[in-house]
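The values are calculated or read from the model by the stated rules, or taken from the named source; none is laboratory data. All figures in this text were calculated on a predicted structure; none of them were measured in a lab. With ideal geometry, Cβ positions are generated from the backbone for all residues, glycine too; neighbour counts draw on all protein chains shown.
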Amino acid sequence: MSVATQTAAATVTATLSGRSRDRNVASLVFLGALWFSLFFGVMVLVALIIDTAITGSPRFDLNLLTQYESTIRKDETGFRAGILGSLWLMGVTALMAIPLGIAAAIYLEEFASKTSRFNRVVEINLQNLAAVPSIIYGMLAVAIMGLLGYNYKGIVLGGAMALALLILPVIVITTREALRAVPDEIRQGSYALGATVWQTTWRNTLPSAVPGIATGTILGLSRAIGEAAPLLILGLATVRFDPTGVESKVTALPMQIYNLSSAPQLDFQVAASAAIIVLLVMILGMNALAIFIRNKFQRSW
Amino acid sequence: MASATSSDTFPQMGSFGDVHMHAERRLPDSPVNPVMETRDLNVYYGDFHAVHDVNLAYGRHEITAMIGPSGCGKSTVLRCLNRMNDLVAGAHVEGEVLYHGQDVYAKGVDPIAVRTQIGMVFQKPNPFPKSIYDNIAYGPRVTGMKVDNMDDLVEEALRGAALWDEVKDKLKQSAYGLSGGQQQRLCIARTIATKPDVILMDEPCSALDPIATARVEDLMLDLRNEYTIIVVTHNMQQAARVSDRTAFFTARPDETTGNRTGLLVEYDLTSTIFSNPNDKRTEDYISGRFG
């Protein structure tokens, strides 16, 4: 046996029989602390959801989805107005925010000069806008609705405007990331054939970026659907009818939950708990759709 | 890489003239009625002087190779010819780039129109994430070319790039399913579909294996009958195999800043460059003593 093999064999034996350095006291304490943090974070969430589900369990029935809010038959009160209102708000929010957000991202990523001072200012502001509290967007929407001459601002248009402003930075940022992921060689190849910047974007870059854009947009919308603060500022009230257009009065699911959970009657509180689970399912559904789109259509270059 | 292979190959340098595939081609010493010319071309990237005073003429239906060590500015010169350098932030060009006597950098010249006449094939095959058919049809569609029958045009372009027989049954399939060499020939087909006058190739074979390289080189020799080809290559044997004329560039470090500025050392018939170069630097490079 040569010297080298002997040394190697000795090292292997020592390593396998000796105490692992990953098992000393400090490591174990730290590992325990990490486990506890994880446990704490997840358990609080799980406990909350289970508690809510148990509280709401008597009301997991069809009336919850199909009935309006009722002070007479409290045990049959439902969230039809809130669910339909939230769907209307999402639709109009999407119509306003998606084209604007994608267009802004295309400008910044494909057309704007990367060195211009103006564009750098826009970039920094976009990052900051994504962190602005949602209630601020509600106030902005109130102001805009006032300028447009609406006295009563709790309508689909007002709510959608606040939510659109809220998710616009998210859409711009995720769209830019999706566009940036398209390799430059594709653009160069297009330019070299005599295509304009617009043709290159429209026919090549944008279609390649659609899965990423869709994912980001859905995640933005799923954030908007859970928001109550900006709608509160707009004064969305309780309504007992379905929205019929952008100017019809509306309520949203989070708003209705907020109102009923603070009501004194137990039946309303139970209904609110059940509605929270409905809202969670809607949000999880949208996130699942986003993940599905990402996994199904994402391209590796 | 160049030095390793060339030192093996170049002891029999004298034989290069014999293996030269078109040794019989009788060409004038300098291009008559050149398709393209650069006159005192200087390129800057911001403050960085990338290329100094390049004067070159590219002959019609000839393959011109531009060789030289890394950083010698050959790709920069190539990208000036169809104004692809416009896309690089801070790039700035002085001097003239003449296409049939007209300066492509003159005021009022649309770079998009320039690129429809002077196509380009890149180092890494870059098919679009579309079907093979749509890859070929892309150029004619965006340039608004009048096409009687797109199917015929696609077939013609694919035949022109010697790819038709391999892909005729899967035109609607994604171009990403092709091998690297097929993708590069697809990119060449895509370029000739717009019926350009000049085809620029920026190290078209550097990402390909030797067999795919040989096929692209054969294709270049075929295409020479219809197009003017200007190719940048790191591979000196490739320049010797396919080109009619060779321009040798080198980089000269600035004494104060240390920035390397590219300049043209020698331009001549390929057979002369590889058998009897005038400049010591050319001889050193092709015999593998530097670079």
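Okay, here's what the table says:
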| item | result |
| --- | --- |
| Residues located in the range B:57-91, provided they are in a loop (DSSP other than H, G, I, E, B) and touching a helix residue (DSSP H, G or I) at 6+ places or on another chain (Cβ under 9 Å) | B:GLY68, B:PRO69, B:ASN82, B:ARG83, B:VAL88 |
| Members of the range A:139-162 that are in contact (Cβ under 8 Å) with a residue 40 or more places away in the chain and either in a helix (DSSP H, G or I) or over 14 Å from A:MET255 (Cβ atoms) (or both) | A:MET139, A:ALA141, A:VAL142, A:MET145, A:TYR152, A:VAL156, A:LEU157, A:GLY158, A:GLY159, A:ALA160, A:MET161, A:ALA162 |
| Given (1) surrounded by fewer than 18 Cβ atoms within 10 Å (Cβ to Cβ); (2) touching a residue at least 12 places away in the same chain (Cβ under 8 Å), number of the condition B:PRO69 does not satisfy | (1) |
| Residues located in the range B:238-280, provided they are surrounded by fewer than 19 Cβ atoms within 10 Å (Cβ to Cβ), in contact (Cβ under 8 Å) with a residue 24 or more places away in the chain and outside any strand (DSSP E or B) | B:ASP254, B:ASN259, B:SER275, B:ASP279 |
| Residue within the range B:192-200 that is surrounded by 18 or more Cβ atoms within 10 Å (Cβ to Cβ), in a helix (DSSP H, G or I) and not hydroxyl-bearing (Ser, Thr, Tyr) present | yes |
| Per-region count, the range A:167-189, residues under 14 Å from A:THR201 (Cβ atoms) and among the polar types (S, T, N, Q) | 2 |
| Hits in the range B:222-233 (condition: at pLDDT below 95 and either within 14 Å of another protein chain (Cβ to nearest Cβ) or part of a helix (DSSP H, G or I) (or both)) | B:ASP222, B:LEU223 |
| Some residue of the range A:211-231 being more than 27 Å from the chain's Cα centre (by Cα), under 24 Å from A:VAL122 (Cα atoms) and surrounded by fewer than 18 Cβ atoms within 10 Å (Cβ to Cβ) | no |
| Some residue of the range B:173-186 being among the charged types (D, E, K, R), touching a residue at least 40 places away in the same chain (Cβ under 8 Å), closer than 24 Å to B:GLN117 by Cβ and buried (at least 20 other Cβ atoms within 10 Å of the Cβ) | no |
| Residue check for B:ALA91: in contact with a Phe, Trp or Tyr (Cβ under 6 Å, 6 or more places away or on another chain) and of a type in the set (A, V, I, L, M) | yes |
| Restricting the range A:192-239 to residues that are charged (D, E, K, R) and in contact with a Ser or Thr (Cβ under 8 Å, 6 or more places away or on another chain), the residue that is nearest to the other protein chains (Cβ to nearest Cβ) | A:ARG203 |
| Residue within the range B:110-127 that is within 14 Å of chain A (Cβ to nearest Cβ), more than 20 Å from the chain's Cα centre (by Cα) and surrounded by fewer than 20 Cβ atoms within 10 Å (Cβ to Cβ) present | yes |
| Checking B:LYS107 against (1) buried (at least 22 other Cβ atoms within 10 Å of the Cβ); (2) in a loop (DSSP other than H, G, I, E, B), the condition it does not meet | (1) |
| Among the candidates B:LEU200, B:LEU219, B:LEU186, B:LEU208, residue that is under 20 Å from B:ARG241 (Cβ atoms) and either within 14 Å of chain A (Cβ to nearest Cβ) or among the charged types (D, E, K, R) (or both) | B:LEU200 |
| Number of positions in the range B:154-170 that are in contact (Cβ under 8 Å) with a residue 24 or more places away in the chain and assigned to a loop (DSSP other than H, G, I, E, B) | 4 |
| Breaking point among (1) more than 14 Å from every other protein chain (Cβ to nearest Cβ); (2) of a type in the set (Gly, Ala, Ser); (3) under 30 Å from B:MET120 (Cβ atoms), for A:GLY189 | (1) |
| Looking only at the range B:74-102, and only at residues there that are over 23 Å from B:MET220 (Cα atoms) and in contact with a Gly (Cβ under 9 Å, 6 or more places away or on another chain), the one that is nearest to the other protein chains (Cβ to nearest Cβ) | B:ALA89 |
| Complete set of residues in the range B:134-164 that are more than 10 Å from every other protein chain (Cβ to nearest Cβ), surrounded by 19 or more Cβ atoms within 10 Å (Cβ to Cβ) and farther than 25 Å from B:SER206 by Cβ | B:ALA137, B:LEU153, B:VAL154 |
| Residues satisfying the stated conditions in the range B:110-145, i.e. in a loop (DSSP other than H, G, I, E, B), within 19 Å of B:THR76 (Cβ to Cβ) and in contact with a Ser or Thr (Cβ under 7 Å, 6 or more places away or on another chain) | B:GLN123 |
| Residue count, the range B:113-136 (criterion: without any contact (Cβ under 8 Å) to a residue 12 or more places away in the chain and touching a helix residue (DSSP H, G or I) at 6+ places or on another chain (Cβ under 9 Å)) | 1 |
| Some residue of the range B:206-220 being touching a His at 6+ places or on another chain (Cβ under 7 Å) and surrounded by fewer than 21 Cβ atoms within 10 Å (Cβ to Cβ) | yes |
| The range A:177-186, subset at the interface with chain B (Cβ under 8 Å from one of its Cβ atoms) and not charged (D, E, K, R), residue nearest to the chain's Cα centre (by Cα) | A:PRO183 |
| Hits in the range B:35-68 (condition: among the hydroxyl-bearing types (Ser, Thr, Tyr) and within 25 Å of B:LYS280 (Cα to Cα)) | B:THR38, B:TYR58, B:THR64 |
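Results for (1) in contact with a Lys or Arg (Cβ under 8 Å, 6 or more places away or on another chain); (2) among the hydrophobic types (A, V, I, L, M, F, W, C); (3) without any contact (Cβ under 8 Å) to a residue 12 or more places away in the chain, shown as yes or no for each residue.
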{"site": "A:THR205", "(1), (2), (3)": "yes, no, no"}
{"site": "A:SER208", "(1), (2), (3)": "yes, no, no"}
{"site": "A:PRO211", "(1), (2), (3)": "yes, no, no"}
{"site": "A:GLY220", "(1), (2), (3)": "no, no, no"}
{"site": "A:ILE225", "(1), (2), (3)": "no, yes, no"}
{"site": "A:VAL250", "(1), (2), (3)": "no, yes, no"}
{"site": "A:MET255", "(1), (2), (3)": "no, yes, no"}
{"site": "A:VAL281", "(1), (2), (3)": "no, yes, yes"}
{"site": "A:ALA290", "(1), (2), (3)": "no, yes, no"}
